[in-house]
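Throughout, read-outs are computed from the coordinates displayed, never taken from laboratory work. Computed from a predicted structure; not experimentally measured. As a convention, Cβ positions derive from the backbone with ideal geometry for all residues, glycine included, and neighbour counts pool all protein chains shown.
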Amino acid sequence: MLYHLLYISEESSFFDQQRDMEDILKTSQKNNVSAQLTGILIKNDKFFIQLLEGDSKSVEKMYTKISKDRRHKSIRKLLEYKSKERIFPRWSMGYVNLDSKNDNEIKLKEIIPFIHKDIIKLKSSKEKILSILKNFNSAS
């Protein structure tokens, strides 16, 4: 079984959009290949939302590393679940910048503030959130 972990965080005052976004993506893609992790990183304004998938030990190790990264603050796990299949089997780390406009991105923009403000209601939205994430994969 594969372990999936979805988290949200905010960029900290140490985050430099130009320099750090490129560094995060290059490092993630390189490290995730060797750890056999896949997933997607979504950036919206000052928020990050990321789904990591792989074996539980590798996913938790990566999440711990991200939690200690000073470019993130207010990091919170949103969902953890097990599944037989990856959502993003071809992406060592896909990336979506929500500054562009398309239907899936607009839907996710609506969910991100909700997630950030009201974690308690999240479980009832799990399928909706996963459905939107899966649409990013099918659009690639």
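Taking neighbour Cβ counts within 10 Å as the exposure measure, how do MET93, MET21, MET1 sort from fewest upward?
Listing MET93, MET21, MET1 from fewest to most nearby Cβ atoms yields MET1, MET21, MET93.
Can you compute the FRET efficiency between ASP69 and LYS134 using 1/(1 + (r/R0)^6), with r the Cβ-Cβ distance and R0 = 35 Å? Round to the nearest 0.05.
Step by step, r from the Cβ atoms, then E = 0.85.
What percent does the relative contact order of region 6-68 come to when contacts are Cα pairs within less than 8 Å and at least six residues apart?
38
Compute the distance in nm between two label points, each set 7 Å from the Cα along the Cα-to-Cβ direction, one at TYR95 and one at GLN36.
Each label point lies 7 Å from its Cα, and together they span 2.6 nm.
A 23 angstrom limit on the alpha carbon distance is what I want to check against. Which of LYS68/LYS128; LYS43/LYS77; LYS30/LYS128 exceed it?
Cα-Cα > 23 Å for LYS68/LYS128; LYS30/LYS128; rest within.
Give me the distance in nm between label points sitting 7 Å out from Cα along the Cα-to-Cβ direction at PHE14 and LYS77, one decimal.
Using points 7 Å along Cα→Cβ, the separation is 2.3 nm.
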